[in-house]
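Worksheet: one structure, shown below.
Bear in mind that the values in this text are calculations on the coordinates, not laboratory data. Because the structure is a prediction, the values reported are computed rather than measured. In this analysis, Cβ positions are derived from the backbone assuming ideal geometry, glycine residues included, and neighbour counts consider all displayed protein chains.
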Amino acid sequence: MKNLIVIILLTVAAIYAPLAQDHEIIETTFKVFGNCDQCKARIEKTVKIHEVKYAKWNKSTKMLKVAFENSITADSLQRRLAEVGHDTEKYKAKDETYNALPKCCLYRDNSKTH
């Protein structure tokens, strides 16, 4: 009986231990290039992962404001954005990925928005 109680307590502790970890929330802003509402949706969706608590891209300023747990980095978010075709301050999207974006989203040659 004593062993059963110990096993139950260890199981409960193992399940709840990860939940007890407090993650510091980091807020930052960085430039992400894009043109339109489709870009906005893609940018915000790309960084919408479990660790991100808030993400809002401003089409006029091209700035993404993001709040995320310290278990990830702003650098990793910028890499994710480049992987879907959006240049950031630190990373440039591959040309083939960028060229696959809808025409209205091609910000390198045409900065006009709609």
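Starting from the exponent 0.38 and prefactor 2.2 Å, build the expected Rg for the range 23-105 from its residue count and divide its actual Cα Rg by it.
Values: Rg = 12.1 Å, N = 83, 2.2 N^0.38 = 11.8 Å.
The range 23-105 yields a ratio of 1.02.
Treating r as the C-beta distance of Q38 and T73 and R0 as 22 Å, the FRET efficiency rounds to 0.25. Can you compute the FRET efficiency between E24 and K56 using 1/(1 + (r/R0)^6), with r the Cβ-Cβ distance and R0 = 22 Å? Round to the nearest 0.05. Taking R0 as 22 Å, the efficiency between E24 and K56 is 0.65.
Going from the fewest other Cβ atoms within 10 Å to the most, the residues K48, K62, K56, K103 appear in the order K103, K48, K56, K62.
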